[in-house]
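Take a look at the structure set out below.
The values are calculated or read from the model by the stated rules, or taken from the named source; none is laboratory data. Keep in mind the model is a prediction, meaning the values are calculated, not measured. Backbone-built Cβ (ideal geometry, glycine too); neighbour counts: all protein chains shown. Areas reflect the complete protein model, heavy atoms only, side chains present, ligands, DNA and RNA absent. Shrake-Rupley method; radii C 1.70, N 1.55, O 1.52, S 1.80 Å.
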Amino acid sequence: MDADLDLLLTTVFCTADDLLPESKSNARRRVTDAEVVTLCVAQAIMGIPSDRRFLAVASKRLGHLFPQLPAQPGYFKRRRCLAETLEWLIGVFASQSPGWDDNVLLVDSTPVECARSRETVKRSRLADAADYGYCASHSRYFWGFRLHGLFAPDGTPIALQIASPKHGERDIALRLLSRRARDRTLTVIGDKGYAGRDFEAAAQTLGAQILRPRRKDEHQTQRPHLAPIRQRIESIFWTMKDIHTLERHGARTLPGLRERMLARFLTLAACVTLNHQLGRPSRALVDYIA
């Protein structure tokens, strides 16, 4: 069986339709919650941040899957009401992937830019939470948030959090590790920013051993070569930014940013899980071509 957009959307719809409770009857509501969730995934995988433009494209390209589509205001309101459902479904799909039980996890963060010009920063409704930060890997400043993630090597999202760039990476990493069940010792691989004795000691209390490259100012025994495995999480973030338009999210409010991020990572979790089910785990980080 070939993996394509129709198969992915069918899988998401069937899973959501089976698990979500039946909504109250409403004569004016002709699109189910499962269909709205599936539309969120379709919008993310097709890389169209604008709701209005996406619905116009979907009426032509996805008409055989969706006999009826909501209007733009209705789609916007239903997606916001289903934000908790999107987050829950990420866990559902992730738990079906073999990566969910992996003892080796990857931790990292990446900028989520929300504005560039000073005028946009001043009038943005994200100004109360967003802030300026510096991305060392790209040697640039940005205004927005940092997305912190804990992933399995196959791309399965384990824990996610969006935070101000002023918050320390190590503090957020401990929060992510605290969400993971501690039934066994985990090996967590990060970059040089996750250095620190106190941080490593706190991670051990959470059942995690931190592996990272050696910093230039450290004179210790040689650490393991982690570049090949570290490239996995860079590939995850690149996929999210290049294909799933992570930095072109189009959100103007905090609730809007949250629901759009959740839709993108629900798409990632569904893609990884479906690739495993099709016997193609080596392509777990490759997106579907519509």
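Worth a mention:
- Anchor residue 192: lysines whose Cα lies under 30 Å away (excluding residues fewer than 8 positions away in-chain): 166, 216, 241
- Based on protein heavy atoms only, segment 183-250 ends up with 60 Å² per residue of surface accessible to a 1.4 Å probe.
- Cα gyration tensor shape for segment 110-217, rounded if a/c is under 1.5, else prolate or oblate: prolate
- The chain, helix-only ellipticity at 222 nm - DSSP H runs n ≥ 4, -39,500 (n - 2.57), divided by all residues, nearest 500: -14000 deg cm²/dmol
- Neighbours of residue 78, meaning other residues whose beta-carbon lies under 9 angstrom from its beta-carbon, give a summed charge of +3 when Lys and Arg score +1 and Asp and Glu score -1.
- Gyration tensor (Cα) of segment 52-143, equivalent ellipsoid semi-axes in angstrom: 31, 26, 14
- Solvent-accessible area per residue, Å², over segment 1-111 with all protein chains present [probe radius 1.4 Å]: 51
- Modelled FRET efficiency - R0 35 Å, residue 60 with residue 238, Cβ distances, 0.05 increments: 0.75
- Sorted largest first, the spans of the alpha carbon positions of segment 142-187 along the three principal axes are 37, 21, 14 Å.
- Contour minus Cα-Cα distance for residue 183 and residue 204 (0.36 nm per residue): 6.3 nm
- C-alpha center-to-center spacing [segment 240-257, segment 176-229] in angstrom: 29
- The chain, dipole about Cα centre (Lys/Arg Cβ +1, Asp/Glu Cβ -1), debye to the nearest 20: 1020
- Cβ-Cβ FRET estimate between residue 252 and residue 18, R0 fixed at 41 Å, reported to 0.05: 0.75
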